[in-house]
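Here is the structure we will look at.
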């Protein structure tokens, strides 16, 4: 009993009070593109990028849906125009909202969906399916429910059965070997239901977009309602995206 | 000097298939252990075979050639530690393996995946339980088929491959500069372990030597990863047995450690930290002074919760003599890493092949004797303690500010380079082979999970189905690392 109390005292208060304003120190969350001209014909950043996230050059445009935050682009830029910020308000409702540039440095703020708020704003049950995920995304999805982020406080929880779920959270690029199981799992969700893409692999195929072992038809047929970028995304990126979309604890 | 954790060999003369099998058998009979064994198809139907062996002298390589017509007599019956390698060679190259008892696919799709003919049992009151690929938690996919009599499991057959995304081929197709990012996702919870093994192989091949201090920063990254993932595993075991204070407290302590990694390199998983030629982020003197205070507090809290766990009778009652793997079985099956150490084997590459970091600051070998879930949990508690003490010493080493990355020049032709790193699960092995022009023509990555999955199947024999979650969590194997 005394030992148990000692553990409880050592635990202290761990939860993050205001999830919206929390800013993880030194998190390499989002590229920041300085508004300076590129060296003529330079494509050093694009060549260094393992996921072809530089979709346009001069002016540079980065697709956060492909960016894996590796940071390999920053040191090769001769103009030193690429840095990274600890942003975790980067989730987006539309795929094209993930395109950023010097003039549009972040995805636009997410507007509350009144329909989703009405259906899921006070209780949301999610089923996670890893389809080729490397356990980075899965670890961060688990962290969403831990004592620090504790998303359960807003009625958002991961459940075991798809029959109990409102939404399917996909991580990983969707391998051919998981395509059938993913579809079966989604078919078991009662309506209304939705799909959420968590991480660069799920959003765009990420590092594996060109691999023949990837089969992404499921995501073509079931367009996600929320894209959470990163490799892996910080738990707060999902938390902020969901809270904004569902209108939870609005400031 | 202890032998190095890498091996470079140029212009190896391949043995004919008969001589190769003979030599391999001879070396294994003499007590060597196979670290990896793989095949690569060459022109004209020739399969190039590479076996990496280890004995007291360090690493040694055997190279052979075989052809599809003749095949290669399997050695699995005599040396069960080779079973997964021979299955993989057969799958990746099509080489016939006469005499192999069980050429079950490792990761290639059996179309459809669900149609695979599992082992079956017949008899009254015998039944099967199929679980997965999708499981109840937030976890990667894999299929488990339990063959049971009542609650008791006679055998567990594990079907993997659901995560197969072709990472080895991608590394060869893409520019070398993109390889580290790919390697970091072989098993995303072992980003450092895999990337360090890759760096060791590539740097050895290119003849690049990084400063000792860079090696120490890499080892700091590796030990932080080990502590974090051991805490994840302990937290999982605790939650699975309803020991909730362990679940939440170890989980919270893990947050402290992965946030330390983030402070040092920008990622909670060590992404982007290690690169061939050095590290992208060093540790400045002020940070190195500050972290030990965080670790000291961590250590106090860790001891408090671990003491509660280790003295709780209900915890002991649940974990003792469950999922036991004897030392003999572990050795025979070629189990590695913490699973092998929990079964009392002396198998830690930080001790056998310490490299410069662990030569300068040795890591004491941890082990347990009983090979059950209790031993695997206890080993992880023990290793966390040792790693934290080691980290305190390492952070006192001056000059951890990293110099800029050294350039990796053109690679030598016809060269094999292999790097070994003791990640938190066990030995992680990367092999690179260049062609006559110095371009990479073969890449082999091996996560320790590849070898340990069969250990989990064997551990469950004679246990109850309800023991599976804690057995699984105590092995804590990677699906994607095995599936590649």
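A few notes on this one:
- Odd one out for residue B:283, checked against (1) in a helix (DSSP H, G or I); (2) buried (at least 20 other Cβ atoms within 10 Å of the Cβ); (3) within 14 Å of chain A (Cβ to nearest Cβ): (1)
- Residue B:189 vs. criteria surrounded by fewer than 18 Cβ atoms within 10 Å (Cβ to Cβ) and touching a helix residue (DSSP H, G or I) at 6+ places or on another chain (Cβ under 6 Å): no
- Residue within region B:150-157 that is buried (at least 17 other Cβ atoms within 10 Å of the Cβ) and within 7 Å of chain A (Cβ to nearest Cβ) present: no
- Evaluated against (1) buried (at least 16 other Cβ atoms within 10 Å of the Cβ); (2) within 14 Å of another protein chain (Cβ to nearest Cβ), residue B:175 falls short on exactly one condition, (1).
- Among the numbered conditions (1) more than 12 Å from the chain's Cα centre (by Cα); (2) facing another protein chain (nearest Cβ under 9 Å); (3) at pLDDT 95 or above; (4) crowded, with 24+ Cβ neighbours inside 10 Å, the only one that residue A:133 does not meet is (3).
- Residue list for region A:146-167, filter: within 17 Å of residue B:139 (Cβ to Cβ), under 17 Å from the mean Cα position of the chain (by Cα) and surrounded by 18 or more Cβ atoms within 10 Å (Cβ to Cβ): A:158
- Residue B:221 crowded, with 24+ Cβ neighbours inside 10 Å, within 17 Å of the chain's Cα centre (by Cα), more than 30 Å from residue A:13 (Cα to Cα) and modelled with pLDDT of 95 or more: no
- Among the criteria (1) under 25 Å from the mean Cα position of the chain (by Cα); (2) without any contact (Cβ under 8 Å) to a residue 24 or more places away in the chain, the one residue B:286 does not fulfil is (1).
- Leading residue by the ranking (farthest from residue A:107 (Cα to Cα)) among those in region A:222-251 that are part of a helix (DSSP H, G or I) and within 14 Å of chain B (Cβ to nearest Cβ): A:235
- Any hit, region B:349-372, residues being in a helix (DSSP H, G or I), in contact with a helix residue (DSSP H, G or I) (Cβ under 7 Å, 6 or more places away or on another chain), more than 14 Å from chain A (Cβ to nearest Cβ) and free of Cβ contacts under 8 Å to residues at least 60 places away in the same chain: no
- Of all residues in region B:1-49, those satisfying the criterion of being in contact (Cβ under 8 Å) with a residue 60 or more places away in the chain and not in a strand (DSSP E or B) are B:1, B:2, B:3, B:4, B:5, B:11, B:12.
- Residue in region A:181-198 that is under 15 Å from the mean Cα position of the chain (by Cα), modelled with pLDDT of 95 or more and at the interface with chain B (Cβ under 9 Å from one of its Cβ atoms) present: no
- In region B:178-192, the residues that are at the interface with chain A (Cβ under 7 Å from one of its Cβ atoms), within 16 Å of the chain's Cα centre (by Cα) and assigned to a helix (DSSP H, G or I): B:188, B:189
- One residue from B:264, B:234 being more than 9 Å from chain A (Cβ to nearest Cβ), in a helix (DSSP H, G or I) and either at pLDDT 95 or above or surrounded by 21 or more Cβ atoms within 10 Å (Cβ to Cβ) (or both): B:234
- For region B:305-338, filtered to residues that are without any contact (Cβ under 8 Å) to a residue 40 or more places away in the chain and within 14 Å of another protein chain (Cβ to nearest Cβ), the residue that is surrounded by the fewest Cβ atoms within 10 Å (Cβ to Cβ) is B:313.
- Set side by side, the residues A:199, A:206 differ, and just one is at positive phi, out of contact with any strand residue (DSSP E or B) (no Cβ under 8 Å at 6 or more places or on another chain) and buried (at least 20 other Cβ atoms within 10 Å of the Cβ), which is A:206.
- Options B:227, B:210: the member that is touching a strand residue (DSSP E or B) at 6+ places or on another chain (Cβ under 9 Å), away from chain A (no Cβ under 14 Å) and at pLDDT 95 or above: B:210
- Filter result for residue A:239 (farther than 16 Å from residue A:69 by Cα and in contact with a helix residue (DSSP H, G or I) (Cβ under 7 Å, 6 or more places away or on another chain)): yes
- Conditions (1) under 24 Å from residue A:141 (Cα atoms); (2) in contact (Cβ under 8 Å) with a residue 24 or more places away in the chain; (3) surrounded by fewer than 24 Cβ atoms within 10 Å (Cβ to Cβ); number of the one not met by residue B:252: (2)
- Qualifying positions in region B:115-148 - within 14 Å of chain A (Cβ to nearest Cβ) and touching a helix residue (DSSP H, G or I) at 6+ places or on another chain (Cβ under 7 Å): B:133, B:134, B:138, B:139, B:140, B:141, B:142
- Of all residues in region A:98-119, those satisfying the criterion of being out of contact with any helix residue (DSSP H, G or I) (no Cβ under 6 Å at 6 or more places or on another chain), in a helix (DSSP H, G or I) and under 16 Å from residue A:242 (Cβ atoms) are A:114, A:115, A:118, A:119.
- Unique match (being more than 20 Å from residue B:328 (Cα to Cα), touching a helix residue (DSSP H, G or I) at 6+ places or on another chain (Cβ under 6 Å), surrounded by fewer than 21 Cβ atoms within 10 Å (Cβ to Cβ) and modelled with pLDDT under 95) among B:58, B:68, B:94: B:68
The values are calculated or read from the model by the stated rules, or taken from the named source; none is laboratory data. Everything quoted here is computed from the prediction, not taken from an experiment. All Cβ positions, glycine included, derive from the backbone under ideal geometry; neighbour counts span all protein chains shown.
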